[in-house]
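Undergrad: Could you have a look at this structure, given as structure tokens, before my questions?
The values are calculated or read from the model by the stated rules, or taken from the named source; none is laboratory data. Note that the coordinates shown come from a computational prediction; the quantities given were computed from them, not determined experimentally. Methodologically, a virtual Cβ is constructed for each residue, glycine included, from the backbone with ideal geometry; neighbour enumeration extends over all protein chains shown. The area values use the complete protein model at the heavy-atom level, side chains included, leaving out ligands, DNA and RNA. Shrake-Rupley method; radii C 1.70, N 1.55, O 1.52, S 1.80 Å.
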Amino acid sequence: MQTQLQGRLGPLAVVAVSLLVLSLSGCKPAAREKVKLKVICAGSLMVPFAEMEKAYEALHPDVDVLIEGHGSVQVIRQVTELGAGGDVLAVADHSLIPPMMYDVKMPDSDRSYATWQITFAGNTLGLAYTPASRYADEIDASNWYEILSRPDVKLGISDPRFDACGYRALMACWLAGVLYDKPDLFRDVLGEFEYPVSLQVQGERCTIVVPNVVRPLKASVRGSSVVLLGILESGDIDYAFEYLSVARQRNLGFVELPPQINLASDAFRSLGYDLRVKIDYQRYASLIPEFRCQEILYGLTIPENGPHPQHACSFVRFMVGLEGQRIFAAQFQPLLPLVVDRPEHLPVELADLVQ
Amino acid sequence: MAALGLGYLQWTQHNRLAPVDWDLALVGRDGSEKVLSYAELLALPTVETAGGFFSSVGTIYGPFRVKGIPLETLLDLVGGMTASDLLQVSARDGYSMVFDYRQLQGDIDTFAADTLRLVPGGAVQFLLIFEQDGQPLAENDGAPLRLAIINPDGLLTEGHWWVRWVTRLGVRAPSPAAGSGN
């Protein structure tokens, strides 16, 4: 075709015709498609991760970071059960990763969904409030449970069946009863439930059993932190158990609880109990709903079936590097020294990051 | 197949419409079980209305036009529910959700679609939907059957109630409380 045209019209005419055809057809040199890097994170990480997305993309214009937030169990299920795929996972409870990923094989394979995790951040459980909250000018770390026990004070917790912050709130209330030697504190603060939340104590082991349906008579229970913050800011409740980072990001007041009950460290162990929350209904077939009291530790991993492992390593390096640390600090997310649980499985690209 | 209408088809993962092969198990409080094929389900009375939800991180989905079967209609086929019963809605992916009678009667929070602020007293209805915005449900939206808790005025409900890929509705008594009550 081109040879015939050249013979009749000359080479310049061929170039001109070719350019005309290209411009009329709207053809352009094919733009290089960006790598879509899917980062799935716990809801409480959404704000710093949104910042991380912008900063990382500015440094890596060939990568489009897609941040997706869920409850931590759902973060993992996106990869293991829902087939949604993911390049980097970050959860608010590191203890979920081994049973839901190490112990689960990918279909038609003897490989696990993940083989390592890095714990990288923590948080502190406390009470978020607004200037309009009743007794906001009185409440502090020493009298919080007395304030919450008053009949005119409305407390909110997220539903322990759906949200780690919810079952951690139950743990904090029970630990507070031990710390202050007030056996009725749990009931005084949370009130009664139409379907009883029961306590099983055998020696040093205590289990808080949450029923199928959570219907409190005094406190307000809502499905997620998002809803809880909404009703706190609208004045429907006075206080809500929340994480420090979430409260600060929303510019809310925050009562820091004593270290034995705020789950920021393992100081709760000094109270001498092995505490668990058992949910009396199994929301997910893949997870036995019994949660042991542990310090709040965020974990991250790269799934074995992630589509972009090299880019995922690069993002993780960025996230825990100096710029990532600056973003976390600006968003009030407490960072911890990086610890990998199974260093022999860590990708070589990350090997120098951890102890 | 064409004479059966759009409702008998679902989107496949290859973006094609294909006949639905799906059964729904209904279990009464006495343990009696009734299994309905997809075709039998679609022969039941349906409702078309609006509904939407938001995720645990505040992402809003809808409101959509949805079409489905009232849960009450389905539960009546196995003896209905009493005030002390619970309903467990189970799905193909191992997810399940439990509701009590009051929730099924409408005691579910509703929220403004623009601010996500609580709007008390919004009327809700439980539907098992099979169409969304005039199309069969997409796979990722829970095809072919999804539980939807809708408010016809466009208020939203919480997304964890909206169980996808529903396979079973089971009525049962509450578990006995264990240990000492709080």
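Undergrad: I'd like to know if the range A:257-270 contains one or more residues that are assigned by TED's automatic domain parsing to the domain that holds A:Val153, assigned to a loop (DSSP other than H, G, I, E, B), on the phi < 0 side of the Ramachandran plot and at pLDDT below 95.
TA: no
Undergrad: Let me ask something additional. Report yes if some residue within the range A:240-251 is surrounded by 23 or more Cβ atoms within 10 Å (Cβ to Cβ), among the acidic types (Asp, Glu) and under 19 Å from the mean Cα position of the chain (by Cα); otherwise report no.
TA: Scanning the range A:240-251, I find at least one residue that is surrounded by 23 or more Cβ atoms within 10 Å (Cβ to Cβ), among the acidic types (Asp, Glu) and under 19 Å from the mean Cα position of the chain (by Cα), so the answer is yes.
Undergrad: Scan the range B:104-114 for residues that are facing another protein chain (nearest Cβ under 8 Å) and open to solvent by 20 Å² or more (accessible area, probe 1.4 Å) and jot them down.
TA: The one that is facing another protein chain (nearest Cβ under 8 Å) and open to solvent by 20 Å² or more (accessible area, probe 1.4 Å): B:Asp109.
Undergrad: Anything in the range A:284-311 that is over 18 Å from the mean Cα position of the chain (by Cα) and either outside any strand (DSSP E or B) or more than 22 Å from A:Leu263 (Cα to Cα) (or both)? List them, or say none.
TA: Residues satisfying the conditions are A:Ala285, A:Ser286, A:Ile288, A:Glu304, A:Asn305, A:Gly306, A:Pro307, A:His308, A:Pro309, A:Gln310, A:His311.
Undergrad: Go through B:Gly106, B:Gly94, B:Gly80 for me and flag whichever is small (Gly, Ala, Ser) and within 24 Å of A:Leu82 (Cβ to Cβ).
TA: From the options B:Gly106, B:Gly94, B:Gly80, the qualifying one is B:Gly94.
Undergrad: Quick one: would you say A:Tyr195 is touching a Cys at 6+ places or on another chain (Cβ under 7 Å) and open to solvent by 10 Å² or more (accessible area, probe 1.4 Å)?
TA: No.
Undergrad: Next question. Looking at the range A:52-136, what strands (runs of 3 or more DSSP E) fall wholly within it and have at least 2 residues that are open to solvent by 10 Å² or more (accessible area, probe 1.4 Å) and closer than 27 Å to A:Arg317 by Cβ?
TA: Ranges flagged: A:63-70.
Undergrad: Can you confirm whether the range B:165-174 contains a residue that is modelled with pLDDT under 95 and either part of a loop (DSSP other than H, G, I, E, B) or away from every other protein chain (no Cβ under 12 Å) (or both)?
TA: Checked the range B:165-174: at least one residue is modelled with pLDDT under 95 and either part of a loop (DSSP other than H, G, I, E, B) or away from every other protein chain (no Cβ under 12 Å) (or both).
Undergrad: Please determine whether any residue of the range A:327-340 is assigned to a helix (DSSP H, G or I) and either of a type in the set (Asp, Glu) or without any contact (Cβ under 8 Å) to a residue 24 or more places away in the chain (or both).
TA: There is at least one residue in the range A:327-340 that is assigned to a helix (DSSP H, G or I) and either of a type in the set (Asp, Glu) or without any contact (Cβ under 8 Å) to a residue 24 or more places away in the chain (or both).
Undergrad: Check A:Val91, A:Val47 and return the single one that is within 14 Å of chain B (Cβ to nearest Cβ), hydrophobic (A, V, I, L, M, F, W, C) and touching a Gly at 6+ places or on another chain (Cβ under 6 Å).
TA: Only one candidate qualifies: A:Val91.
Undergrad: Which of (1) open to solvent by 20 Å² or more (accessible area, probe 1.4 Å); (2) touching a residue at least 40 places away in the same chain (Cβ under 8 Å); (3) within 22 Å of A:Tyr145 (Cβ to Cβ) is the odd one out, the single condition A:Pro259 does not satisfy?
TA: Single failed check for A:Pro259: (2).
Undergrad: Might you let me know whether the range A:345-353 holds any residue that is in contact with a helix residue (DSSP H, G or I) (Cβ under 8 Å, 6 or more places away or on another chain) and assigned to a loop (DSSP other than H, G, I, E, B)?
TA: yes
Undergrad: Tally time: how many residues in the range B:110-145 are touching a residue at least 12 places away in the same chain (Cβ under 8 Å), of a type outside the set (A, V, I, L, M, F, W, C) and in contact with a Gly (Cβ under 8 Å, 6 or more places away or on another chain)?
TA: Counting residues in the range B:110-145 that are touching a residue at least 12 places away in the same chain (Cβ under 8 Å), of a type outside the set (A, V, I, L, M, F, W, C) and in contact with a Gly (Cβ under 8 Å, 6 or more places away or on another chain) gives 4.
Undergrad: Still on this model: Suppose we filter the range A:264-297 for residues that are within 27 Å of B:Met97 (Cβ to Cβ) and not β-branched (Val, Ile, Thr); how many remain?
TA: Count: 17.
Undergrad: Does A:Thr124 fit the bill of being in contact with a His (Cβ under 7 Å, 6 or more places away or on another chain) and either among the aromatic types (Phe, Trp, Tyr) or at pLDDT 95 or above (or both)?
TA: no
Undergrad: Using the structure shown, decide if B:Ala123 is in a loop (DSSP other than H, G, I, E, B), within 21 Å of B:Pro45 (Cα to Cα) and open to solvent by 10 Å² or more (accessible area, probe 1.4 Å).
TA: yes
Undergrad: Need the failing condition index for B:Phe99 against (1) under 19 Å from B:Asn151 (Cβ atoms); (2) open to solvent by 20 Å² or more (accessible area, probe 1.4 Å); (3) out of contact with any Gly (no Cβ under 7 Å at 6 or more places or on another chain), just the number.
TA: (2)
Undergrad: Turning to a different aspect of this structure: Counting just the residues of the range A:134-159 that are of a type in the set (Gly, Ala, Ser) and within 27 Å of the chain's Cα centre (by Cα), which one comes out nearest to A:Arg187 (Cα to Cα)?
TA: Filtering first and then ranking leaves A:Gly156.
Undergrad: Kindly evaluate A:Pro307 against the criterion of being in contact (Cβ under 8 Å) with a residue 40 or more places away in the chain, surrounded by fewer than 16 Cβ atoms within 10 Å (Cβ to Cβ) and in contact with a Gly (Cβ under 8 Å, 6 or more places away or on another chain).
TA: Judged against the criteria, A:Pro307 is a match.
Undergrad: Name every residue in the range A:137-163 that is of a type in the set (Ser, Thr, Tyr), open to solvent by 40 Å² or more (accessible area, probe 1.4 Å) and either part of a helix (DSSP H, G or I) or within 14 Å of another protein chain (Cβ to nearest Cβ) (or both), in order of residue number.
TA: A:Ser149
Undergrad: May I pose another question? Just to be sure I understand the filter: pairs with C-beta atoms under 7 Å, separated by 6 or more residues or on different chains, first member in the range B:87-103 and at the interface with chain A (Cβ under 8 Å from one of its Cβ atoms), second member open to solvent by 30 Å² or more (accessible area, probe 1.4 Å) and among the hydroxyl-bearing types (Ser, Thr, Tyr). Which pairs pass?
TA: B:Gly94/A:Ser286
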